[in-house]
Amino acid sequence: MGYPIGIIAIISLIMEKENRFVRFHALQSILLYVALLAIWMPWLCSASFLGVIGIAASAAGSAGGALSSIVGWSGRWSGWPIFLGALIAIIVGAVKAYGGNYFKIPIIGNMAEKFANK
């Protein structure tokens, strides 16, 4: 349950001291959410900036209307790959953990394994 609900991963990590399987998946879930936050915040800032540019271009006149629609579209839809990638990682991680399998998410999984073995 730590993958879809991050707070459960934190609680599991604090409470479980011996079981490396639980520690690994809890750490991997936490690191996934931290990485998602590190990616999502700059995207949110850039999408907001693009939105302001689109509003300014729209206020500039008819030629700015086309630019504002392009800028607005790119800001709106560019976050979907981030969202879908995170959703797939959360679902696959939860299913694999529930099945009792070690599943390492690229990059994050190696870090979680290193920390879980300490």
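The values are calculated or read from the model by the stated rules, or taken from the named source; none is laboratory data. Just so it is clear, the model here is predicted, and its values are computed rather than measured. With ideal geometry, Cβ positions are generated from the backbone for all residues, glycine too; neighbour counts draw on all protein chains shown. Ligands, DNA and RNA are stripped out before the accessible areas are found, and what is left, the full protein with its side chains, is counted by its heavy atoms. Shrake-Rupley method; radii C 1.70, N 1.55, O 1.52, S 1.80 Å.
Using a 1.4 Å probe on the protein heavy atoms only, what accessible surface does residue 22 show? Give it in Å² to the nearest 10.
Around 50 Å² of this residue is reachable by solvent.
In what sequence, highest mean first, do 3-16, 24-37 appear when ranked by Cβ atoms within 10 angstrom?
Taking the mean over residues of other Cβ atoms within 10 Å, the ranking is 24-37, 3-16.
Could you put 103, 49 in order of accessible surface area, largest first, with the 1.4 Å probe and the full protein assembly present?
49, 103
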